[in-house]
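To start, the structure itself, in structure tokens.
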Amino acid sequence: MKRTITYSEMRSRRRCPYQGHLAYDELLTPRVKSPGLREGTIADQGMDALYLGVRDRGAYDEQTMLGAMYDAMAYDRKRIESSGPMMDEEWEEIDERYKLLRYLATQYVTYAREHDPFEEIITMQYVGSAPVVAPSGHVSTKYDYRFKLDGLVVIDGQLWLLENKWLKTIDDQTIRMLPLDEQCGMYMWGVRESLRRREASPVLQDAVERYGEPVGVFYNIIRKKLPVVPVQNKNGQTSQRKDIDTTAAGYRDTLAERGQDPADYAEILAILESKGDTFYHRESVLRNDRELDEIGQRIYESTRFISEDYRYKLPQKDCTWSCAYMPLCIEWSEELLTQYTHKERRHEEYEREEA
Ligand code: SF4
């Protein structure tokens, strides 16, 4: 049976082979004292339900999205409960985070209804795999690459991978880096290879027959923050602070609620208009065959890392905040090992499919 590799494993092993060894050979995972809500998973399940509803019933239904999020949250609460006793304040914080997610979802449905360019939703959460290929063209007998797409959509008669990203901030640097986004590049490669080797699922094959192979990745970026409501000054006027973190549309809505004339707020509205929407961003990134060939080579070279069983440490400045294995890395001891648990599966992100 072939060994499965994923983007997360490749990234971990290349960042630091020792970290990759602890996480993917030893299957160690850090114990978390106060596990937080898995907000990304909850948001993803809401998105899936929303867009499957759009596909099947042609409607953007807020309740469908919120219902799926509620189910995901209830499931996650059980996971948190099973990890040990929690303080009341910790539960309150979790409830607050969930409340924010619900607000964000409600606002997103309104935004998506007006702005989505999708002609067709093919599917959501598509899981696929493809054999790793050596530069010589030989197919690996040892490794399969596995991937999970957020969705497959049709825009302007072409097939696109959909990637939903929930970010704290949407900045220029993040947007400029998207053409180099390795994770989605590897997804594109996996889709292409599974099609070429006739290992793609019928739903993907059917979509390709109708629209051709996917041309790129459509990034749907949502900020994990609500626009600030401008305060109302003592004299009744709305604050015109220039650094307010909101949108022109949100500011106008507040003026309308307060019965105030936008003409009196032309300057701040112009500033907000010029900033654009800092809460949602859509970006289409085309990928070509040459790029995908190079990415395929990167995947192959990553499997060499695993085959060679590299375990050397690669200390860098970000170890202190980005590596949960640092205590073990400094000093391996039985006592420190109690701070870690053993994963049952190497790639838990696929646990539902593998179960
Ligand atoms: S602390 Fe740094 S060197 Fe040590 S395992 Fe983590 S990433 Fe590697």
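Basic side chains Lys and Arg get +1 at the Cβ, acidic Asp and Glu get -1 at the Cβ, and with that the dipole of region 224-263 about its Cα centre reaches some 140 debye. Of the peptides 273-280, 44-51, the ranking by mean beta-carbon count within 10 Å, highest at the top, reads 44-51, 273-280.
In this structure, the pairs whose alpha-carbon distance is over 28 Å, taken from 78/313; 2/168; 225/275, are 78/313; 2/168.
Each residue of region 125-134 was assigned a 3J(HN,Hα) from its phi angle through the Karplus expression (A = 6.51, B = -1.76, C = 1.60, θ = phi - 60°), giving 6, 8, 9, x, 8, 8, x, 5, 10, 6 Hz with x at Gly and Pro. Nearest 10 degrees is fine. How inclined is helix 202-211 to the longest principal axis of the chain, computing both from alpha carbons? It is inclined by approximately 60 degrees. Can you list the aspartates and glutamates whose alpha carbon is less than 14 Å from that of residue 165, not counting same-chain residues fewer than 8 positions off? Excluding near neighbours in sequence, the set is 39, 44, 48, 150, 181, 283.
Taking amide hydrogens as placed 1.01 Å from N in the peptide plane, the amide H of residue 340 sits under 5 Å from those of 31, each at least 5 positions away in sequence or on another chain. If a/c stays under 1.5 just call it rounded; otherwise compare a/b with b/c (prolate if a/b is bigger, oblate if not). Do that for region 18-143, with a ≥ b ≥ c from the square roots of the Cα gyration tensor eigenvalues. Because a/c hits 1.5 or more and a/b fails to exceed b/c, region 18-143 counts as oblate. When only alpha carbons are used to place a centre, region 179-204 and region 50-81 end up 27 Å from one another. Remark: relative contact order (the chain) = 23 percent; criterion is Cα-Cα distance under 8 angstrom and separation of 6 or more residues.
What the phi angles of region 151-159 give under the Karplus curve with 6.51, -1.76 and 1.60, with θ = phi - 60°, is a coupling list of x, 10, 9, 10, 10, 6, x, 10, 8 Hz, glycine and proline written as x. When DSSP beta bridges are restricted to pairs lying wholly in the chain, around 70% turn out antiparallel.
Listed values for region 289-300 are Karplus-derived 3J(HN,Hα) couplings in whole Hz (6.51 cos²θ - 1.76 cosθ + 1.60, θ = phi - 60°), namely 4, 5, 4, 5, 4, 5, 5, x, 5, 4, 5, 4, and x replaces Gly and Pro. Axis of helix 39-57 versus longest Cα principal axis of the chain: the two differ by about 80°, to the nearest ten degrees. Amide H to amide H distances under 5 Å link residue 145 with 5, 130, 132, where only residues 5 or more positions off or on other chains count and H is placed in the peptide plane. Projecting the Cα atoms of 319, 218, 82 onto the charge dipole of the chain (Cβ charges, centred on the Cα centre) puts 319 farthest toward the positive pole.
Only helical runs count toward this figure. For the chain, summing -39,500 (n - 2.57) over DSSP H runs of n ≥ 4 and dividing by all residues gives -15000 deg cm²/dmol at 222 nm. Rounded to the nearest 10 degrees, the inclination of helix 88-115 to the longest alpha-carbon principal axis of the chain is 80 degrees. Using a Gaussian network model of the chain in which every pair of alpha carbons under 10 angstrom is joined by a spring, one finds that among 73, 326, 65 the greatest mean-square fluctuation is at 326. Close amide-amide hydrogen proximity is noted between residue 166 and 222, each under 5 Å apart and 5 or more residues distant or on a separate chain (H modeled in the peptide plane; Pro and chain starts excluded). Projecting the Cα atoms of 72, 330, 238 onto the dipole axis of the chain, where Lys and Arg carry +1 and Asp and Glu carry -1 at the beta carbon, places 330 farthest toward the positive end.
With a 10 Å cut-off between alpha carbons and a GNM built on the chain, which of 242, 165, 317 moves the most? With Cα springs under 10 Å in the chain, the top fluctuation among 242, 165, 317 is at 317. Please compute the contact order of region 228-278 in relative form: average sequence separation of alpha-carbon pairs under 8 Å and at least six residues apart, divided by the residue count, as a percent. Dividing the mean separation by the residue count of region 228-278 yields 37 percent.
Per residue, the average separation of C-alpha pairs within less than 8 Å and at least 6 apart gives region 127-227 a relative contact order of 38 percent. The Cα center of region 95-138 and the Cα center of region 293-355 differ in position by 26 Å.
FYI, it's all coordinate maths here, none of it is from the lab. Given the structure is predicted, the values throughout are model-derived calculations rather than measurements. All Cβ positions, glycine included, derive from the backbone under ideal geometry; neighbour counts span all protein chains shown.
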